[in-house]
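For reference, the structure is listed below as structure tokens.
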Amino acid sequence: MASLSIENVKKQFGKTVVLRDICLDITHGEFLVLVGPSGCGKSTLLNLIAGLETISDGVIRIGEKDVTHVPPKDRDIAMVFQSYALYPNMNVRKNISFGLETRKMARPEIKKQVEKVAAMLQIEDLLDRKPAQLSGGQRQRVAMGRALAREPAIFLFDEPLSNLDAKLRVDMRTEIKLLHQKVGTTIVYVTHDQIEAMTLADRIAVMKDGVIQQFGSPREIYDNPSSMFVAGFIGSPAMNFIPCELGEEDGEYGILLTAGQDETCFIPAGGLCRNPGDLAGKSLVLGLRPEQIGAALPGDQILPPMSRLTCRVDVVEPTGPDTLVFTRINRVKTTCRIHPDRAVAPGQTMDLTLDTSKAVLFDSAAGTRIQ
Ligand SMILES: Nc1ncnc2c1ncn2[C@@H]1O[C@H](COP(=O)(O)OP(=O)(O)O)[C@@H](O)[C@H]1O
Ligand SMILES: [Mg+2]
């Protein structure tokens, strides 16, 4: 186990800047997830940590040691790739033990180590098989076993579940989390899947165009996104972005939402940001997650931070545990997550409650959060 510190790291390929001024600090035993759209620089950053690419500027430390220019084999890390990269002509036992043999570990010790990780990953029955005789999930386990056997200070995972089918991906996700709870090794895990990021991470770094947009716990990132990009990237179904402007009602600043012709509700701006007066004339976006919009029952008393708005239902999508109801607020498509018993048929109107306690406000032009 070791801590990892990335200080002002830059990477360019020729003239193309791929990573700009990356700073990240994680403590030993932490599970860090790097998440972002394809091409944002996740694998490049992981390869820099592994030493597989040379760094253009900055410092990387593993534990107390500056490893910026240390070759990969001396960094005490193990990496698991999306393409498992198993040796096809070696059986599972050999695939796991090979790295230990090249490190000149004693034979009885190697045997013990292979059996230990095989038991941990429940692949004892597969030790004599070749990779071609394994399913995708089993191959992934073997690749993890190979990394685990070396007992590195840090594990690096690059989209390890991308090649698996949906159900297996969810099962393996839980197993990786369990494994981390058992062995406690520091992990840096790359994925483009925001649900993997939310479910696995102690902390998430959300990346875009070679820049870290936000670094925080899953909860912080979900409840307090620092930009429209982060807010829209994390969460499924995605946060609703409702365009709006500052208004005034009875001397109070607020935001007016309209549904259909004359159904409106007024959301006091005081609960959304510190200085509502500064918002005058700005194009704003109100960020409201689907689960913050529910169904009001007749006679329900709606008190702030809740508001009531009667909306026309366009489309209804049952998902099982909840039903997604699509309507329009301020003319844009808005997703609401409703208890299945409360949804009405398309074309009908529904009394919705908007819980603005966690709603967020953005500057529409800059895409930045207004606190
Ligand atoms: N060896 C390379 N030479 C030139 N450009 C590269 C090289 N490797 C990656 N890139 C570019 O760097 C950017 C980030 O790539 P990558 O780190 O693989 O993204 P991600 O893993 O987030 O999908 C991409 O635009 C990619 O084309
Ligand atoms: Mg990648």
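Some notes on this structure:
- Any hit, segment 52-63, residues being within 16 Å of ligand 2 (Cβ to nearest atom) and either in contact with a Pro (Cβ under 9 Å, 6 or more places away or on another chain) or assigned by TED's automatic domain parsing to the domain that holds residue 130 (or both): yes
- Flag for residue 98 being more than 11 Å from ligand 1 (Cβ to nearest atom), out of contact with any Lys or Arg (no Cβ under 6 Å at 6 or more places or on another chain) and modelled with pLDDT under 95: yes
- Highlighted here are the strands (runs of 3 or more DSSP E) found entirely within segment 196-245 that include at least 3 residues which are more than 28 Å from residue 164 (Cβ to Cβ) and not β-branched (Val, Ile, Thr): 240-244.
- Evaluation of residue 114 against (1) surrounded by fewer than 19 Cβ atoms within 10 Å (Cβ to Cβ); (2) over 13 Å from residue 179 (Cβ atoms) (one fails), failing number: (1)
- Selection of segment 181-195 for residues being more than 16 Å from ligand 1 (Cβ to nearest atom), within 24 Å of residue 230 (Cβ to Cβ) and either in a helix (DSSP H, G or I) or under 9 Å from the mean Cα position of the chain (by Cα) (or both) yields only 195.
- Some residue of segment 132-142 being within 16 Å of ligand 1 (Cβ to nearest atom) and at pLDDT 95 or above: no
- Only listed residue being at pLDDT 90 or above, assigned by TED's automatic domain parsing to the domain that holds residue 51 and part of a strand (DSSP E or B), chosen from 147, 78, 118: 78
- Any hit, segment 46-53, residues being within 16 Å of ligand 1 (Cβ to nearest atom), at pLDDT below 95 and within 20 Å of the chain's Cα centre (by Cα): no
- Condition met for residue 319 (within 26 Å of residue 225 (Cβ to Cβ) and buried (at least 17 other Cβ atoms within 10 Å of the Cβ)): no
The values are calculated or read from the model by the stated rules, or taken from the named source; none is laboratory data. Worth saying up front: this structure is predicted, and the values here are computed from it rather than measured. With ideal geometry, Cβ positions are generated from the backbone for all residues, glycine too; neighbour counts draw on all protein chains shown.
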